[in-house]
1. Taking residue 282 as meeting all but one of (1) modelled with pLDDT of 95 or more; (2) crowded, with 19+ Cβ neighbours inside 10 Å; (3) under 21 Å from the mean Cα position of the chain (by Cα), write down the number of the exception.
2. Output the number of residues of the stretch 289-320 satisfying the condition of being surrounded by fewer than 19 Cβ atoms within 10 Å (Cβ to Cβ) and within 22 Å of residue 146 (Cα to Cα).
3. Within the stretch 294-315, track down each residue that is assigned to a loop (DSSP other than H, G, I, E, B) and touching a helix residue (DSSP H, G or I) at 6+ places or on another chain (Cβ under 8 Å).
4. Identify the single condition in (1) buried (at least 22 other Cβ atoms within 10 Å of the Cβ); (2) not assigned by TED's automatic domain parsing to the domain that holds residue 114 that residue 129 does not satisfy, given that it satisfies every other one.
5. Being assigned to a loop (DSSP other than H, G, I, E, B) and more than 23 Å from residue 233 (Cα to Cα) is the filter; apply it to the stretch 159-170 and report the residue that is modelled with the lowest pLDDT.
6. I need every pair where a residue in the stretch 301-320 that is without any contact (Cβ under 8 Å) to a residue 24 or more places away in the chain has its Cβ under 9 Å from the Cβ of a residue that is buried (at least 24 other Cβ atoms within 10 Å of the Cβ) and assigned to a helix (DSSP H, G or I), sequence separation at least 6 or different chains.
């Protein structure tokens, strides 16, 4: 996705009321970048997301604060952060919370549907892992391939440990007199976008170049393509948004146009899935037909993405189960889907 050269290490934006936003690029996984956003001009400095805490990420974060001080003249350091607002419960956005809290003692906010990811992380990993393994079996992935995907999923999961949450970022509330929250489940169950004056902090909901990854709700509640498409409607016509700052990639300056492009991309993929399932197919076969042979972690992402689209069509009675007797009679069969 986003390589190190795609965006500057630090960019400055100023909101309509004069709040200063520093967009900081961090390497959250090897070769993969994300952005956190520092907001200045409120009662306390606010950090939106905290990176992954893995590899060079904490070093990058410290260096970005130093750059904000040295290059932009802001008298700010990591120790001054008063609150961390986590947009959603994915590791590349919340994994650095522990480091930020150690440096600053900052409070932490997140939506209630992702609160457990931060406060009961170890439990969440166990339960989510079981759901993922069950999905892989139903999708037609078994044996060594399933074990390899599970091993990749669990890499780094032992690094993070639970932290307390003191603020719930619920839709309808307002913080600091200028921040309001839009709950946008789909990519993640508790994901929020943050509206601040004429700036939208879009997290991973709307990205400039790619369609954010989708996974089935059968793995985790409140995700899934249906939730995501409905959440796109909630942000498409937000009034007064001048620029949308995502968790990855470059800023978006025409929000409605980009939302329409993402919706069109998913519609084309749904049509493609229906064509693939003219004959019975399991989800693994659908993934290969959509994306070709994938390796490593991309293979898991491809299976999940295909699964989200198959699930959406099955929920709407556009796909049916072709091997129902086998599903009824066997303990863990791969499900074959066919166009109705």
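1. Just one mismatch for residue 282, condition (3).
2. Within the stretch 289-320, residues that are surrounded by fewer than 19 Cβ atoms within 10 Å (Cβ to Cβ) and within 22 Å of residue 146 (Cα to Cα) number 11.
3. So in the stretch 294-315, the residues assigned to a loop (DSSP other than H, G, I, E, B) come out as 294-296.
Hits for the stretch 294-315 are 294, 296.
4. (1)
5. Of the residues in the stretch 159-170, the ones assigned to a loop (DSSP other than H, G, I, E, B) are 159-166, 169-170.
Now drop any that are not more than 23 Å from residue 233 (Cα to Cα), which leaves 159-166.
Details: 159: 79, 160: 83, 161: 85, 162: 91, 163: 93, 164: 95, 165: 97, 166: 96.
Among them, the one singled out is 159.
6. Listed by first residue and then by second, the contacts come to 302/287.
Conditions (1) touching a strand residue (DSSP E or B) at 6+ places or on another chain (Cβ under 6 Å); (2) over 21 Å from residue 223 (Cα atoms), marked per residue:
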{"position": "255", "(1), (2)": "yes, yes"}
{"position": "261", "(1), (2)": "no, no"}
{"position": "276", "(1), (2)": "no, yes"}
{"position": "280", "(1), (2)": "yes, yes"}
{"position": "296", "(1), (2)": "no, yes"}
{"position": "303", "(1), (2)": "no, no"}
{"position": "315", "(1), (2)": "no, no"}
{"position": "319", "(1), (2)": "yes, no"}
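The values are calculated or read from the model by the stated rules, or taken from the named source; none is laboratory data. This is a predicted model, so every value here is computed, not measured. For neighbour counting, all protein chains shown are included, and Cβ atoms are generated from backbone atoms with ideal geometry for every residue, glycine included.
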